[in-house]
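To keep things clear, I will list the structure first and then write my remarks on it.
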């Protein structure tokens, strides 16, 4: 064993015996055939993953105590092929898997396909070094097992969608009339590098949550309700935050441009020129006005129709 | 919604994306089970990565899931639950006080206008004291219909059980009647001799006829009669003692359940009361607080030692305890057996 690894293992276990024993009891690991040593090993593996090697004992303890140990033991026992664990897992989550898939795909056959494929991954149809590799072995108990399953399924759904987008046949493209569409070209915008630098500076100074809200609303076009749900706050909080951000961003960028030697007027012009160029892409609009709808947009709708 | 300069959107879209958090962290973010440091790290990544934002938004926006998460707000401020709870209690007291005051005035007017003919009608319908209670309640505005129903049900239950006057005193409603000392409790002899079934029948008849009370009865006599027929109300004081009110919250009486126990959670389901507090103390009364039994939740030999901060019972059988360590203990057989979630 490498020296660093041995040291971190020691750090993640020394003086934590009582906590580990308590969590072992709480996790009902024995019921699922996991020994205390194996359980302690799983905890150390998780600590190595999420904590720096020089983490204080209190941090390790806090991490251990924050884990969903009962679900963790169940998942690891399933990954190890324990029959009773699988019975418990199926009783608890089988229906939920299909429900989650149904919500994500919005279509019954796609939902079944997604759920079946995830189930296969959870069971571990693939083998690694002669052993069955179950996706459940990657569950670390940071949130609920159900929450993890939701995330894994959402991830798989998005990956499938992207793969599907890459596999559009030439016939479909012809039907869509994509050959008549003018090639999309990046609008030629000469943005003053100082404007970019000032914008980056202002964005970097924002809390990550504010940037998340901006990106979700203005880039992903999510609704206020969706963003509010993701952050666990009320819709009106997001609305107020967006209003405040929209009002303050322009002022702050202008101030940052001023610090870069631009006069107020120059700064406003630099910002407005950029805005005009990006808002009105006349060439692109003229070329698409009489043509068929953009192919990419149609493709994006395809999975939702179930085609 | 105000627009942002397009350069901002473009710079946001072009942000450099670092390593993606794994499904555990993304799932933990959605469930808000991460620590502050990790949450900020994940948010930082999400602000840069459209793919991960999409992943997070799919599970996060599932209505039932997200709604369940919204129960616990992220940053409880002055609108935190304990404050709201007390504010709600104060608001309830004000409303109840107003309603009772208005009712008393209303009653006073009605009674003053009652005629001697009414008195005769009452005398020719010798029914049990409960029948008078019912009649009195039936004088109330339509909002009081629920109370009337409750009284009727209580009377029917009494009739069905065949209990006599002294045995019936174990019920909170009956006990309250006995204490009032109002003229309505002075039951005519025929009514006392009547069988419980006959009493119930009389009660129903009285309710149907909507007979007003005798004239000249002071409203002070009527008010306690109305209020004491209300279902007892329960609350926990700020120092963790259990309190009961039999007069719609006007006065509260401390109920001693156990010494040296501070109660933090209460569930009342009709006559079925559960209170939980420090060091896993859990007490149950199935007769509106007349008798208490300590219940010790045990799962696989492990008993509940943490403070109980939440007790919920959807019916007499099915209940849920929340401990200070966020453990959830569930029973489906009125506390006989427990399961941990």
How are the C-alpha pair distances of the stretch B:221-341 spread across 10 Å bins, as whole percents from the shortest bin up?
14, 45, 28, 10, 3, 0
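Which value results for Rg/Rh of the stretch A:21-146 when Rg is the Cα radius of gyration and Rh the Kirkwood radius based on the inverse mean 1/r?
Numbers: Rg = 15.9 Å, Rh = 15.6 Å.
That ratio is 1.02, to two decimals.
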Determine how many Å³ per residue the convex hull of the Cα atoms of the stretch A:85-143 encloses.
96
Computed curve, the stretch B:256-308, Cα-only Debye sum without solvent term, log₁₀ I(q)/I(0) at 0.25, 0.28 Å⁻¹, is -0.96, -1.10
Averaged across the residues of A:215-223, what count of C-beta atoms belonging to other chains lies within 10 Å of each residue's C-beta?
5
Cα-based convex hull, the stretch A:27-99, per residue volume (Å³, whole number)
100
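No lab work stands behind these numbers, since they all come straight from the coordinates. Note that the structure is predicted; figures quoted are calculated from it, not measured. Note that each Cβ is placed from the backbone with ideal geometry, even for glycine, and that neighbours are counted across all protein chains shown.
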